[in-house]
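First up is the structure itself, then whatever we jot down about it.
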Amino acid sequence: MTAFVVTLALILDYFFSELPNRIHPLVGFGKLAQHLERDWNLSTNVDAYRFWMGLAALTLLVFVPVLVLIFLLLILPLWANILLQALILWFCIGWQSLMAHAQAIAFLLAEHNLIAAREALGFIVSRDTEQLSEQKIAAATIESVLENGNDAIFASLFWFVVGGAPAALAHRLVNTLDAIWGYRNDRFEYFGKAAARLDDGLNYIPARLTALSYALFAHQSKTALACWQRQAKKHDSPNAGVVMATGAAALNLRLGGRAIYHGKQEKRPVFGFGKTPVQEDIKHTLRLIHKSLILWFVVIMALS
């Protein structure tokens, strides 16, 4: 059944892509999380209080929907159970949405429309994009595709194989909360800590499997694995560095470096090796994602 549900979910995503924002469940979930944070993340100097309120909000927003889903799966007939699991997995993966955003940016760069490209990039990254050059836009797009390839595609598939739709949903909701709350600043440092740490834990194995997939399709697999070993630990995240270093090396690119976040310049580590990214490299990155997805699909079929 796992193989059939994965196939159905990927078909749904391929033909229908992401639902419009006004009706997509994850968009509504994100708005609810933002509303709850404004009410519960009260202005106080007590760090422990903020942490426990963040943990309470995380528990409410993640475990309640997962428990409801488990209950529904237990009482539904088989055909409805399969359909519901396929729909949940479809909601969790962001394959075609990620591809569409990256392709749109690549098209705008090919047209030398930097203003529109910067605006489009702003929808998928948290850094400031107003002053980015063509090469910086290409690099930021590739970094987002590599990292979100894990978060929005492969990790969801991994957790679905491990624990079905409830596990995939739990991962996706935690990952969404980390994207909203997981900032290391005065507002979110403690309130978002539980979501950030849980997201790190849930992505630990999927990130390494994703990096291995990237390395297998690299121009020089040994070099990609070597970059993983040498460079991944330089990143603040135990998972993003693994994916970024291996993916950059697989593409023979240098990624990372200085970037501006919320008006402040930050010095980020450099990942990979080789040349500076250009517009054409976005297409190469999308091919790497597609090859990796085919590999995952074949493995899932074999395991099933």
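Please treat every number below as a calculation from the coordinates, not as lab data. What you are looking at is a predicted structure, and each value in this text was computed from that prediction instead of being measured. Glycine gets a Cβ as well: all are built from the backbone with ideal geometry, and neighbour counts include every protein chain shown.
Things to note:
- For the range 42-150, convex hull volume per residue from C-alpha positions, Å³: 151 Å³
- Overall form of the chain per C-alpha gyration tensor (a/c, 1.5; a/b vs b/c): oblate
- Whole-Å distance, taken between Cα centres, linking the range 175-250 and the range 253-304: 11 Å
- In plain terms, the chain from F16 to M301 could stretch by 100.3 nm, reckoned as 0.36 nm per residue minus the Cα-Cα distance.
- Other residues with beta-carbon under 14 Å from the beta-carbon of L42 carry, at +1 per Lys or Arg and -1 per Asp or Glu, a net charge of -1.
- What the Kirkwood sum gives for the range 148-254 is a hydrodynamic radius of 14.2 Å, with every pair of different alpha carbons counted.
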